[in-house]
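Report on one structure; see the data block that follows.
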Amino acid sequence: VELAEALAEQEYVVHGKLEILPTALSASEKLRVRHRQWPPVNSGKHRQQSDKGLKDVMDEEMGFLD
(Lines give C-alpha, C1' and ligand atoms only; values in the text may rest on other atoms or scores of the structure.)
Protein backbone atom coordinates (compact mmCIF):
# COMPACT_ATOMS: atom_id res chain seq x y z
CA VAL A 1 0.00 0.00 0.00
CA GLU A 2 2.83 2.38 0.85
CA LEU A 3 4.43 1.83 -2.56
CA ALA A 4 1.12 2.37 -4.35
CA GLU A 5 0.51 5.56 -2.40
CA ALA A 6 4.03 6.84 -3.13
CA LEU A 7 3.70 6.09 -6.85
CA ALA A 8 0.28 7.73 -6.96
CA GLU A 9 1.69 10.79 -5.21
CA GLN A 10 4.34 11.04 -7.96
CA GLU A 11 1.60 10.58 -10.59
CA TYR A 12 2.88 7.28 -12.00
CA VAL A 13 -0.23 5.26 -11.04
CA VAL A 14 -3.74 5.71 -9.71
CA HIS A 15 -4.36 4.30 -6.26
CA GLY A 16 -7.77 4.05 -4.66
CA LYS A 17 -10.43 1.85 -3.15
CA LEU A 18 -13.54 0.30 -4.63
CA GLU A 19 -15.73 2.77 -2.73
CA ILE A 20 -14.34 5.59 -4.90
CA LEU A 21 -14.08 3.67 -8.15
CA PRO A 22 -15.68 6.39 -10.34
CA THR A 23 -13.12 8.91 -9.10
CA ALA A 24 -10.26 6.46 -9.69
CA LEU A 25 -11.49 5.73 -13.23
CA SER A 26 -11.62 9.44 -14.02
CA ALA A 27 -8.11 9.91 -12.62
CA SER A 28 -6.84 6.92 -14.60
CA GLU A 29 -8.14 8.42 -17.85
CA LYS A 30 -6.32 11.69 -17.10
CA LEU A 31 -3.16 9.72 -16.31
CA ARG A 32 -3.51 7.73 -19.55
CA VAL A 33 -3.66 10.95 -21.56
CA ARG A 34 -0.53 12.27 -19.82
CA HIS A 35 1.32 8.98 -20.36
CA ARG A 36 0.58 9.08 -24.08
CA GLN A 37 2.81 12.15 -24.15
CA TRP A 38 5.70 10.09 -22.73
CA PRO A 39 8.60 9.77 -23.03
CA PRO A 40 9.31 13.24 -21.71
CA VAL A 41 11.01 15.68 -24.05
CA ASN A 42 14.25 15.38 -22.09
CA SER A 43 14.80 11.72 -22.99
CA GLY A 44 15.99 9.73 -25.95
CA LYS A 45 16.85 11.67 -29.09
CA HIS A 46 16.25 14.97 -27.34
CA ARG A 47 19.29 14.25 -25.17
CA GLN A 48 21.61 13.44 -28.08
CA GLN A 49 22.74 16.93 -29.02
CA SER A 50 26.49 17.26 -29.28
CA ASP A 51 26.64 21.07 -29.16
CA LYS A 52 25.60 21.34 -25.50
CA GLY A 53 27.64 23.26 -23.01
CA LEU A 54 27.91 22.64 -19.28
CA LYS A 55 24.99 24.97 -18.55
CA ASP A 56 22.74 23.07 -20.98
CA VAL A 57 23.67 19.71 -19.48
CA MET A 58 23.11 20.97 -15.91
CA ASP A 59 19.76 22.54 -16.83
CA GLU A 60 18.64 19.31 -18.45
CA GLU A 61 19.70 17.16 -15.48
CA MET A 62 17.93 19.50 -13.07
CA GLY A 63 14.77 19.39 -15.18
CA PHE A 64 14.89 22.99 -16.41
CA LEU A 65 13.49 22.75 -19.93
CA ASP A 66 12.99 25.64 -22.31
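The values are calculated or read from the model by the stated rules, or taken from the named source; none is laboratory data. The model shown is predicted, which means the values in this text are computed figures rather than measured ones. Just the protein is used for accessible areas: all its heavy atoms, side chains included, with ligands, DNA and RNA removed. Shrake-Rupley method; radii C 1.70, N 1.55, O 1.52, S 1.80 Å.
The figure for residue 18 is an accessible area of roughly 140 square angstrom, using a 1.4 Å probe on the protein chains alone.
What the phi angles of the stretch 26-34 give under the Karplus curve with 6.51, -1.76 and 1.60, with θ = phi - 60°, is a coupling list of 5, 5, 5, 5, 4, 5, 4, 5, 5 Hz, glycine and proline written as x.
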